[in-house]
Amino acid sequence: MPDRDPFQALWAQQAQEPFTMSMTDIHSRAGRFQSRIRTRNLTEYAAAALVIGMFGWMAFLIPVLVVKIGAALTALGAAYVAYMLHRKGGAGAALPDGAQPCADFHRRELLRQREALATVPRWYLAPFVPGMLVFVGGVSFVADTGMSLMARFFQFGSSTAIICGLFAGVAWLNARAVKQLDTEITALDAARRGE
């Protein structure tokens, strides 16, 4: 009985074709990438406007001071995130003409977006932490809930755990996107070297 399957040996000995990416492909990828960034940012700005509106209204409407402060801090956190998204993750200018400038532009944009996504825990998630803790704490420990102290701690802990789970999910998704951008950057570099 042979040690190797003949098809496996044939597959292993097969000549590997070099990876190629034409400048037209690079231009097309750069255009699609910029379009995805613009769509993502518009969605994020709309979400920030919704959070600012909802929590701003709660800060105005709810009579409990601690909850008001938590709602206001959350609204301010959303405004800061929208500002940082514009600064760090905004879509680039129009694609340049010419092959090499387009490849350079696309690589710079990939690196810039990679940096923005890699630092999401600092500029996207952290600004919400103070507001969410104060808000959830205020809602959980307000004097007139009629709940026992243990029930209040349970409400605070379970609400905080849900928020932490959501934050962990956002951080994981962005870490995954960083790996995808790393792969794209590596492929672009290989195409530019002619490998």
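At-a-glance table
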| read-out | value |
| --- | --- |
| Of residues in the stretch 118-132 being of a type in the set (A, V, I, L, M) and under 30 Å from ARG192 (Cβ atoms), the one surrounded by the fewest Cβ atoms within 10 Å (Cβ to Cβ) | ALA118 |
| Yes/no for MET150 being loosely packed, with under 12 Cβ neighbours inside 10 Å and part of a helix (DSSP H, G or I) | yes |
| One residue from ALA161, ALA191 being at pLDDT below 95 and over 15 Å from the mean Cα position of the chain (by Cα) | ALA191 |
| Whichever residue in the stretch 179-188 is of a type in the set (A, V, I, L, M, F, W, C) and either more than 18 Å from the chain's Cα centre (by Cα) or surrounded by fewer than 17 Cβ atoms within 10 Å (Cβ to Cβ) (or both) and, among such residues, is nearest to TYR124 (Cα to Cα) | ILE185 |
| Positions within the stretch 127-147 being of a type in the set (Phe, Trp, Tyr) and either modelled with pLDDT of 95 or more or in contact with a strand residue (DSSP E or B) (Cβ under 8 Å, 6 or more places away or on another chain) (or both), in sequence order | PHE128, PHE135 |
| Residue check, LYS88 over 22 Å from VAL178 (Cα atoms), touching a helix residue (DSSP H, G or I) at 6+ places or on another chain (Cβ under 8 Å) and charged (D, E, K, R) | no |
| Top-ranked residue of the stretch 63-94 - restricted to ones that are over 22 Å from the mean Cα position of the chain (by Cα) and surrounded by fewer than 18 Cβ atoms within 10 Å (Cβ to Cβ), ranked as modelled with the lowest pLDDT | ALA94 |
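Okay, residues lined up against (1) touching a Gly at 6+ places or on another chain (Cβ under 9 Å); (2) assigned to a helix (DSSP H, G or I); (3) surrounded by 14 or more Cβ atoms within 10 Å (Cβ to Cβ); (4) not charged (D, E, K, R):
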| site | (1), (2), (3), (4) |
| --- | --- |
| CYS102 | no, yes, yes, yes |
| ARG108 | yes, yes, no, no |
| ALA116 | yes, yes, yes, yes |
| VAL134 | yes, yes, yes, yes |
| GLY137 | yes, yes, yes, yes |
| ASP144 | no, yes, no, no |
| PHE154 | no, yes, no, yes |
| GLY169 | no, yes, no, yes |
| TRP172 | no, yes, no, yes |
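The values are calculated or read from the model by the stated rules, or taken from the named source; none is laboratory data. None of these values were measured; they are calculated from a predicted model. Because the Cβ atoms are built from the backbone with ideal geometry, glycine has one as well, and the counts that use them run over all protein chains shown.
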